[in-house]
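Peer 1: This is the structure I want to talk about, given as structure tokens.
The values are calculated or read from the model by the stated rules, or taken from the named source; none is laboratory data. Just so you know, these numbers come straight off a predicted model, no measurement behind them. Heads up, the Cβs are rebuilt from the backbone with ideal geometry, glycines too, and the neighbour counts pull from every protein chain shown. With ligands, DNA and RNA removed, areas are computed over all heavy atoms of the protein, side chains included. Shrake-Rupley method; radii C 1.70, N 1.55, O 1.52, S 1.80 Å.
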Amino acid sequence: MISVTILVKNGQRHLKEVLESLAGFDEIILLDTGSTDQTLEIAKDFSNVSIHHGPLQGFGPTHNVAAALAKHDWILSIDDDEILTPELAQEIHSLSLNPNHVYALPFHNYFNGKWIKWCGWHPEKHVRLYHRKKTQFTDAMVHEGVITKDLKITTLRHPVNHHSYDSLSDFLTKMEHYSNLFAEQHRAQKRSSPLIAFTHGFGAFLKSYLLKRGFCGGYEGFIISVYNGHTAFYKYLKLYHAT
């Protein structure tokens with residue numbers, strides 16, 4: 001049996017679709033970190049959802065808190081903007097799960113209603129299904145992931161549809177949030193300066209737009225590349241002010 005864990009804060013936009021895609025799982029642990037929208041009202045309509053509350057202690061540690069609340073040892077970690085395709089849900093249920101394996105899900109990432117195949121957004125996969133007695137998420141505050149050392153990674157065939165950015169406002173909100181977490185996580189480990197911040201920002205834009213073919217994506221590819229550059233710039237500028 002598999003328990004699903006979801007960290008959420010103000011996730012009303014896609015949560016209903018996410019939970020509907022998880023209807024075949026008997027337990028969903030929804031750990032809310034301070035929603036002020038209709039998130040909890042939406043979740044209460046699903047009988048397989050158990051609602052919990054707690055602070056965001058960084059993404060990695062909070063994922064592990066959610067996993068500890070589950071009744072099953074197999075954990076499927078899904079975000080509040082990640083919708084399982086029916087084919088993926090069926091594939092997961094048909095697995096002969098091996099505790100010495102972790103399972104990676106392919107991601108289709110969307111922006112402005114389009115599946116983005118440039119800027120490093122495709123192909124993409126993330127380990128999200130694991131046995132909690134064998135492994136867990138890292139302690140990273142941002143860019144966390146399941147620890148895979150000494151475990152075999154099995155990649156599934158069917159995708160998650162990921163709607164992380166629906167508008168320009170989403171880019172700005174997440175840039176602010178992620179840059180703050182980055183500065184907090186690395187302030188005792190990395191050096192920075194305005195020049196370093198500029199170099200990282202400009203380099204991130206060029207990498208996304210040229211090396212990762214953002215130019216093939218038209219308007220969306222350009223906006224994503226600019227976002228990647230700005231995020232890198234502000235991460236290191238905030239790190240400079242934090243040290």
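Peer 1: When the residues of region 8-30 are narrowed to those that are among the aliphatic types (A, V, I, L, M) and part of a loop (DSSP other than H, G, I, E, B), which ends up surrounded by the fewest Cβ atoms within 10 Å (Cβ to Cβ)?
Peer 2: ALA23
Peer 1: Okay, next question. Find all pairs meeting these conditions: Cβ atoms under 7 angstrom apart; at least six residues apart or on different chains; first residue within region 160-186 and farther than 16 Å from TYR236 by Cβ; second residue of a type in the set (Ser, Thr, Tyr).
Peer 2: ASN161/THR85; ASN161/TYR110; HIS162/TYR110; HIS163/TYR110; PHE171/TYR165; PHE171/TYR227
Peer 1: Pick from region 36-67 the residues that are among the hydrophobic types (A, V, I, L, M, F, W, C) and under 17 Å from ARG128 (Cβ atoms): which of them is surrounded by the fewest Cβ atoms within 10 Å (Cβ to Cβ)?
Peer 2: Ranking the candidates gives VAL65 first.
Peer 1: What strands (runs of 3 or more DSSP E), lying completely within region 113-229, carry at least 2 residues that are of a type in the set (Val, Ile, Thr) and either surrounded by fewer than 15 Cβ atoms within 10 Å (Cβ to Cβ) or in contact with a His (Cβ under 7 Å, 6 or more places away or on another chain) (or both)?
Peer 2: 152-155
Peer 1: Filter the strands (runs of 3 or more DSSP E) completely within region 31-99 down to those with at least 2 residues that are under 15 Å from MET1 (Cβ atoms) and touching a strand residue (DSSP E or B) at 6+ places or on another chain (Cβ under 9 Å). Talk me through it step by step, then tell me what you get.
Peer 2: On the way: elements: 49-53, 74-77, 82-84.
Where strands (runs of 3 or more DSSP E) fall fully within region 31-99 and carry at least 2 residues being under 15 Å from MET1 (Cβ atoms) and touching a strand residue (DSSP E or B) at 6+ places or on another chain (Cβ under 9 Å), they are 74-77.
Peer 1: Examine region 77-84 for a residue that is of a type in the set (Gly, Ala, Ser) and open to solvent by less than 50 Å² (accessible area, probe 1.4 Å), and state whether such a residue exists.
Peer 2: Looking for residues that are of a type in the set (Gly, Ala, Ser) and open to solvent by less than 50 Å² (accessible area, probe 1.4 Å), one finds at least one in region 77-84, hence yes.
Peer 1: Looking at region 80-95, can you tell me whether even one residue there is in contact with a helix residue (DSSP H, G or I) (Cβ under 7 Å, 6 or more places away or on another chain), more than 30 Å from GLY218 (Cα to Cα), free of Cβ contacts under 8 Å to residues at least 60 places away in the same chain and among the polar types (S, T, N, Q)?
Peer 2: Checked against the condition, which is being in contact with a helix residue (DSSP H, G or I) (Cβ under 7 Å, 6 or more places away or on another chain), more than 30 Å from GLY218 (Cα to Cα), free of Cβ contacts under 8 Å to residues at least 60 places away in the same chain and among the polar types (S, T, N, Q), region 80-95 yields no hits at all.
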